[in-house]
């Protein structure tokens, strides 16, 4: 479980997070949503230990994130940045995946096995000898996920994984994250603007505005409250809006749900 | 994210000065640093000028000042004499002066001012552009370092490992920006041999001459003393 207790952070004079208090359940698949500048990425970076909040604390399974040693922290919480090109340091795809394992002291057959497994799982095994910058953008994004996921953290934070991806690739990436959540029990937290994917994939939502968590709960609850409040904190997916206009109960989250309800 | 050294638009006296005047003030301050045996007064003067005439309190850039403490101490410890202390304070005064310049000068105003002084447009624009994009590179560098930390890397090769993604990113971005600029007619004025116009009116005003005079007087006073 991740517990945020009155977390505040500011960049110079700009306050990015105001007294954020929240608990993320173990094994959950959560989306953090909100407009640009609402504090999503700052919150995620505080949780990953890159930014130290000025006040408040962040615990994962009872351990204070900012008191963990860096090598210990990466095995507890993984962070995939938005731009895959910021996360490429090696000459081949295989070396890129091995890089993190070597840093945390996993070597030999164990490292090789974990690398092979993750490359196969993310369908990058046929490209293992290629230079990462020769891969297509979607493949580089999957490689970035593979490079962090291979460390088998109990929590995986992914910053806008579908930005710049075509709809098919975006779905593939969300499928990978869902598999990791279901098969390994990894807690997956995705920072995203892709509301259709949020509705379809994630079990719960945290909506942020002006550095505060304004709504949280299941996708249906959050969309319902957002629509009721009338505040444009989040933009509802078109299928949810249509369901609400037709006064459907429960409100459909996906096209399939909509069709089944008819 | 905004870095301490980045320009913030204000209406202070320092902000309103022509960038060329500010360059002259920086050069004058550097000269003062070397002419005097008490560079701590130059440092104090620079801090005061930035505070009073630039409206930027030292508390806004205290991390830079805090970094100067070990620098001055290290130089002093190497020399173990008053000379060492003077060298340390000279470096600190120069650092604060450059910081004051970058915090109060819009890079594109500097580009226009250089162009008005006869520097070819492409070169003056290049300088302005490099200054404008430096904070972006800085931010990208901290993201890449965090990405290394996210993979458990703590070694000494951070700079070498950062170079590849940072360099490639900068190259890609510069290609895109060059294209975007050409699409908006960047080379048109030179090719058609027409005079380029600017929205901002950058020229010397009485305020600039007054600042020149004060700087000159201070330098002469220091020479006489």
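Read-outs throughout are calculated quantities, based only on the coordinates presented, and are distinct from any laboratory measurement. Note that the coordinates shown come from a computational prediction; the quantities given were computed from them, not determined experimentally. Cβ sites come from the backbone with ideal geometry, for glycine too, and all protein chains shown count toward neighbours.
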Before rounding to the nearest 500, sum -39500 (n - 2.57) across all DSSP H runs of length at least 4 in chain A and divide by the residue total; then give [θ] at 222 nm in deg cm²/dmol.
-12000 deg cm²/dmol
Along the principal axes of its C-alpha atoms, what lengths does region A:3-125 span, in descending order and rounded to whole Å?
46, 31, 27
Between region A:63-119 and region B:19-84, the Cα center-to-center distance that results, in Å
43 Å
Which length gain, in nm to one decimal place, applies between residue A:52 and residue A:107 when the Cα-Cα distance is subtracted from 0.36 nm times their residue separation?
16.7 nm
From the gyration tensor of the Cα coordinates in region A:193-246, what semi-axes in whole Å does the equivalent ellipsoid have, largest first, with each one equal to sqrt(5λ)?
17, 13, 10
Given points 7 Å out from each Cα along the Cα-Cβ axis, report the residue B:209 to residue B:196 separation in nanometres with one decimal.
2.9 nm
Rounded to the nearest 0.05, FRET efficiency between residue A:262 and residue A:203 (Cβ-Cβ, R0 25 Å) equals 0.50
Ratio Rg/Rh, restricted to the protein assembly as shown and using Cα atoms, in which Rh is the Kirkwood radius
1.04
Placing one identical point scatterer on every Cα of chain B and ignoring solvent, what is log10 I(q)/I(0) from the Debye formula at q = 0.16, 0.18 Å⁻¹?
-1.22, -1.32
Footprinting exposure proxy for B:33, A:46 (fewest neighbouring C-beta atoms within 10 Å first):
B:33, A:46
Can you give the FRET efficiency for residue A:128 and residue A:246, using 1/(1 + (r/R0)^6), R0 = 56 Å, r = Cβ-Cβ distance, to the nearest 0.05?
0.65
In what sequence do A:6, A:224 fall when counting other Cβ within 10 Å, fewest first?
A:6, A:224
Kirkwood-based Rg/Rh on the Cα set of region B:1-97 evaluates to 1.00
In this structure, the FRET efficiency calculated for residue A:61 and residue B:37 from their beta-carbon separation, with R0 = 60 Å, to the nearest 0.05, is 0.50
Quotient of C-alpha Rg and 2.2 N^0.38 Å, computed over region A:65-105
1.29
Length gained if residue A:229 through residue A:23 is fully extended, taking 0.36 nm per residue and subtracting the Cα-Cα distance, is 71.8 nm
Provide B:194, A:2 in ascending order of the number of other Cβ atoms located within 10 Å of each residue's Cβ, fewest first.
B:194, A:2
Going by the alpha-carbon gyration tensor, a ≥ b ≥ c the square roots of its eigenvalues, is region B:162-225 rounded (a/c under 1.5) or, if a/c is not under 1.5, prolate (a/b greater than b/c) versus oblate?
oblate
Where only alpha carbons of region A:8-72 are counted, the Rg and the Dmax (Å)
12.3, 36
Express in % the proportion of alpha carbon pairs of region A:108-181 at distances exceeding 14 Å.
60 percent
Beta bridges by DSSP in the protein assembly as shown, antiparallel share as percent, to the nearest 5
55 percent
Kirkwood-based Rg/Rh on the Cα set of region B:46-103 evaluates to 1.04
Range of Cα positions in region A:140-262 per principal axis (Å), largest first
45, 35, 27
Spacing of the two label points (7 Å from each Cα toward its C-beta) at residue A:218 and residue B:136, in nm:
4.5 nm
In terms of the Cα gyration tensor, with a ≥ b ≥ c the square roots of its eigenvalues, is region B:85-197 rounded because a/c is under 1.5, prolate because a/b exceeds b/c, or oblate?
oblate
Along Cα→Cβ, 7 Å out, is where each label goes; now give me the distance between the ones at residue B:176 and residue B:122 in nm to one decimal.
2.4 nm
